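Here the structure is laid out as structure tokens; the discussion comes afterwards.
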Amino acid sequence: PTVVRTEDRPALAHAIAAVASGDWPGCSLEVRFLQHGREDRTVLLHLEADAPQRVRINATDLTSERETRRILQEYETSLRALTAHALDIWGLVNDNGTIRSMSESVSVHLGWTAAELDNAPIWDLIHPEDREELRELYQTLKADPQAVRSGVYRVRHKDGGYRTLESTMSGFNPEV
């Protein structure tokens, strides 16, 4: 059997009574359900008056979404810990060249903080003579997501000059 958790029952009962009596036109609230032999579920309930003394309830299960968000946060925390003290620059760049994330080590090599480069176009940092080669590399990675490629590029330092860096790219993911 599935039952509403004891501590959530008063709020649910109050909301149903208020909507059924016409005191509230409707409302939304999260309720946790206990399931015998299965994981508990967190559900967003939308209540609205359907007729006098009648309430329509629509439910959206939030459990999987929250678990996915929790796993993603754990992954991001682990990745930040891994890259926090690395001397190499680690970065995530999406398929159109927008920087999604950069390790703080970028400041050692290029003078920028990671925050300054968030959502910046990578193309603005690459020397104009090296951009076409990098665009070709991007096309290779789009065509073969398992490919690993290296290259040497001149990248703009915050002081306006360029530094020559070797990069290795892999794992192209269009959803980043």
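The values are calculated or read from the model by the stated rules, or taken from the named source; none is laboratory data. Predicted model, so just to flag it, every value in this text is computed and none were measured. Cβ: placed from backbone, ideal geometry, glycine included. Neighbour counts: every protein chain shown. These area figures cover heavy atoms from the full protein model, side chains too; ligands, DNA and RNA do not enter into them. Shrake-Rupley method; radii C 1.70, N 1.55, O 1.52, S 1.80 Å.
One table, with the values for the structure above:
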read-out	value
Tyr75 accessible area, assembled protein chains, probe 1.4 Å, Å²	140
The chain: angle of helix 131-143 to the longest principal axis, Cα-based, in degrees nearest 10	50
GluC sites (Glu not before Pro) restricted to the stretch 1-90 and DSSP loop, no more than 12 other C-beta within 10 Å	Glu39
Accessible area in the full protein assembly, largest first, 1.4 Å probe, for Leu117, Leu82	Leu82, Leu117
Neighbourhood net charge (12 Å Cβ-Cβ; Lys/Arg +1, Asp/Glu -1) for Leu125	+2
Degrees separating the helix 63-84 axis from the principal Cα axis of the chain, which is the longest one	30
Value at 222 nm in deg cm²/dmol, rounded to 500, when DSSP H runs of n ≥ 4 in the chain each add -39,500 (n - 2.57)	-10000 deg cm²/dmol
Order of exposure, largest accessible area first, which applies to Ser28, Ser103 with probe 1.4 Å	Ser28, Ser103
Stretch in the chain that is longest and holds no trypsin sites (Lys or Arg not before Pro) that DSSP places in a loop and that have at most 14 other beta carbons within 10 Å	39-157
Calculated P(r) tail over 21 Å for the chain, as whole % of Cα pairs	64
Inter-probe distance in nm under a simple model that places probes 7 Å from Cα toward Cβ, at Leu34 and Ala147	5.7
Residue-level accessible surface for His46, protein heavy atoms, 1.4 Å, Å²	70
